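Heads up: the structure comes next, in structure tokens.
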Amino acid sequence: DGGITQSPKYLFRKEGQNVTLSCEQNLNHDAMYWYRQDPGQGLRLIYYSQIVNDFQKGDIAEGYSVSREKKESFPLTVTSAQKNPTAFYLCASSIARTGTGRPEAFFGQGTRLTVV
Amino acid sequence: AQSVTQLDSQVPVFEEAPVELRCNYSSSVSVYLFWYVQYPNQGLQLLLKYLSGSTLVKGINGFEAEFNKSQTSFHLRKPSVHISDTAEYFCAVTSPGIWNQNAGGTSYGKLTFGQGTILTVHP
């Protein structure tokens, strides 16, 4: 089945440690996204990438880093510079090019990160 | 810049009653609009989308939404809700296309989400 896989589902880390969240898709989508979700704040965009080896900062990129070396993969690193990293993180992908009638994003099941 | 405002953070309703979840957007260009549903500790699932054409859009699970350009709204409705509709609902907007120099073509814009509306259906 085609889809987006995020791993792990739950992640615990000590304060001050970097942690990398995995996101893999087999939908052949060009665009991939990382969102952070906190109660009552909706989804806030961290980073997005519309093509391999290229990515842009979203609204809350500080304290995060990404890479896009392969079309299928878009890992997110939460660094020690992120002041409040405990949150639910969602990865998504979509067809980037216009004219397809398919602008919607497909989401993974999320990773809940808890920093203690 | 685009923005989305969901006017109600929580909507309680009794089973089999109708419900409307309100969404307003702001954009200087034409938009595509979406409603997503999220069950606890899961990802988001697309309910429906508006791209063009008929302003009344039907989606999955009996939901529908109406695009109103003059009021910049995209409200979600269901005539009779079930307990299983209890979830959080998100309205989202994107632009039809922006030039992407690195991709060498026009790409859909990134999705901007509202703050979410928690729908609770009581028996």
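Read-outs throughout are calculated quantities, based only on the coordinates presented, and are distinct from any laboratory measurement. Source: prediction; values computed, not measured. All Cβ positions, glycine included, derive from the backbone under ideal geometry; neighbour counts span all protein chains shown.
Within the stretch A:23-114, report the trypsin sites (Lys or Arg not before Pro) that DSSP leaves as loop and that have at most 10 other Cβ atoms within 10 Å.
Those that pass, being in a loop and sparsely packed, are A:Lys83.
Between B:Asn24, B:Asn68, B:Asn41, find the one with the highest GNM mean-square fluctuation for chain B; connect C-alpha pairs within less than 10 Å. Result: B:Asn41 has the largest fluctuation of those listed.
Available extension along the chain between A:Thr114 and A:Thr79 is 11.3 nm, counting 0.36 nm per residue and deducting the alpha carbon span. Using a Gaussian network model of chain A in which every pair of alpha carbons under 10 angstrom is joined by a spring, one finds that among A:Thr20, A:Thr100, A:Thr79 the greatest mean-square fluctuation is at A:Thr100. Here the simple spin-label model places points 7 Å from the Cα toward Cβ, and for A:Ser67 and A:Asp54 these points are separated by 2.0 nm. Using the Cβ-Cβ distance between B:Leu51 and B:Glu20 with R0 set to 25 Å, the FRET efficiency works out to roughly 0.70. Shape class for the protein assembly as shown, computed from the alpha carbon gyration tensor (a ≥ b ≥ c): oblate, with a/c not under 1.5 and a/b at or below b/c. Loop sites here are GluC sites (Glu not before Pro) outside DSSP states H, G, I, E and B with no more than 13 other Cβ atoms within 10 Å. The longest part of chain A free of them is A:70-116.
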